[in-house]
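The values are calculated or read from the model by the stated rules, or taken from the named source; none is laboratory data. Bear in mind the structure is a predicted one, so any value in this text is a computation, not a measurement. With ideal geometry, Cβ positions are generated from the backbone for all residues, glycine too; neighbour counts draw on all protein chains shown. All accessible areas refer to the heavy atoms of the entire protein, side chains included, with ligands and DNA or RNA removed. Shrake-Rupley method; radii C 1.70, N 1.55, O 1.52, S 1.80 Å.
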Amino acid sequence: MMRDRSRRGGVLRDLRRLFLLALAVTLAWGGGLVWFAGDIPREEGAGADQARRTDAVVVLTGGSHRLTTGLRLLEDGLGRKLFVSGVYDGVDVQELLRVVRQTPGHLECCIVLGYAADSTLGNASETAGWMREQGYRSLRLVTANYHMRRSLLEFRLAMPDIEVVPHPVAPPNVRLEDWWLRPGTASLIVNEYNKYLAVLLRSLLEDSRQS
């Protein structure tokens, strides 16, 4: 009888510990999510040195606003070349220029398309290889504001010796005011936050193996 009570008491203690651990993890995750959402830039180029010239402008595909911004930065002389990572097979420079309503050929000589990447990790790897080929040491990274933190982490892991200047783009369909009340935006931010945590965990594991 005493053994049964002791066993039940041990089970209850274990369940209580598991509950407290799950509660702590949930609170930490939720607090991190609030920080992550609050830190998303609200305006294009927020936090970036607008006049800073870099060797290259790098655009991660995923929205026409990113391409338009990248082309404008190139035309403004803020980079020697524009590298577009993650382009679909069959898309060429002139088609890309038509998509963003630029005059074909006007900037064609300075645009390079990358077809190998199909993820943010792939973008970073593809861009790192191209930067090495060019002998470049700095880049301005153009991607969506909600995607910027994870992209910066991937890029700095892939090329720690390269200076990366963030240039976020604010998609008009991602409304950050009261984002938790907007199912589409909330789902997007939560998904991006979880992906960021996964990359952060991977980087910590890689660091622990190397040390």
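Points to keep in mind about this one:
- Rounded tilt (10° steps) of 183-210 against the dominant C-alpha axis of the chain: 80 degrees
- Take every pair of alpha-carbon atoms less than 8 Å apart whose residues are at least six positions apart; their mean separation over the length of region 77-119 yields a relative contact order of 58 percent.
- Near Leu20: Cβ cut-off under 13 Å, other residues only, Lys/Arg at +1 and Asp/Glu at -1. The net charge is +2.
- Cα gyration tensor shape of the chain, rounded if a/c is under 1.5, else prolate or oblate by comparing a/b with b/c: prolate
- Looking at the chain alone, DSSP beta bridges between its own residues are antiparallel in about 0 percent of cases.
- Rounded, prolate or oblate (a/c below 1.5 giving rounded, otherwise prolate when a/b exceeds b/c) for region 18-86 by Cα gyration tensor: prolate
- Estimated distance in nm for a label pair at Leu15 and Leu121, the labels positioned 7 Å out from Cα along Cα-to-Cβ: 3.9 nm
- Residues considered: Arg66, Arg132, Arg53. Largest GNM mean-square fluctuation over the chain, using C-alpha springs under 10 Å, is found at Arg132.
- Asp207 - accessible surface, heavy atoms, 1.4 Å probe, Å² rounded to 10: 80 Å²
- Mean Cβ count within 10 Å, highest first, over the residues of peptides 160-166, 200-206: 160-166, 200-206
- Compared with the dominant principal axis of the Cα atoms in the chain, helix 64-75 is inclined by about 50°.
- Cα gyration tensor shape of region 124-211, rounded if a/c is under 1.5, else prolate or oblate by comparing a/b with b/c: oblate
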